[in-house]
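To start, the structure under review is shown below, and the notes come after it.
Every number in this text was worked out from the coordinates using simple rules, so none of it is lab data. Just so we're clear, the structure is a prediction, and the values are computed from it rather than from any experiment.
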């Protein structure tokens, strides 16, 4: 792979039933002329099979580290792949916080994703307390060390930087801070992995149609991992178009 993937990724979280797939149809239609980006929706597992073949890439929102077993209520990477996924999010801050997942847990899930042929979207991000203390780069470097396994490549791994204090709050860092942080992430990846500097790095944290253009103008930002604004085509399509335009694609 010679160029970094440019990805407009939606994370529906615990939202969406069959009737909501009408939004996917509109998103897929808008994605057709956008030659410069990957349009990806990470959906609840209940929707994946019904969403396949509709014109967008699909991903899961989490997976278990084991391929199978006595893990009631969990879903394996192999199951996600079978349902139509090509990507899976691991280590989202809501999983780290609500379920106590450690860096070691996240790394194990990433390897499980690779073993099943999925691309792992590994999430990292600092809390507001860490941000206010000026520890962002230190925290992210430690998370990369612990969460990104040996063997990570631009082909099997995407990094998503999501400042925890910006997720769902309407707050975003200044564009200069976003670029500085993404550049630091890229430098750490390049130090720790042979092709780490070529990995795609997405920004997440209250990405909206009215700020997407500014965020995606940063040279080290390769797209977005979008939460609430990905649930409706009216919100997500302008974000897709902003990414495509910023990276020189056609509209």
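Structure above, values below:
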quantity	calculated
Principal axis dimensions, largest first and in whole angstrom, of the range 7-246 by Cα	44, 44, 31
Per residue Cα convex hull volume in Å³ - calculated over the range 95-137	80 Å³
Listed residues 50, 95, 132, most fluctuating in the chain (Gaussian network, C-alpha, under 10 Å)	132
Kirkwood-Stokes translational diffusion coefficient of the range 110-178, alpha-carbon pairs, 25 °C, 0.890 mPa s, µm²/s	186 µm²/s
Candidates 79, 14, 240, ranked by Gaussian network fluctuation over the chain, Cα under 10 Å, top entry	14
Distance cut-off 20 Å, percentage of C-alpha pairs in the range 39-151 lying past it	42 percent
Listed residues 231, 171, 48, most fluctuating in the chain (Gaussian network, C-alpha, under 10 Å)	171
Cα gyration tensor shape for the range 113-251, rounded if a/c is under 1.5, else prolate or oblate	oblate
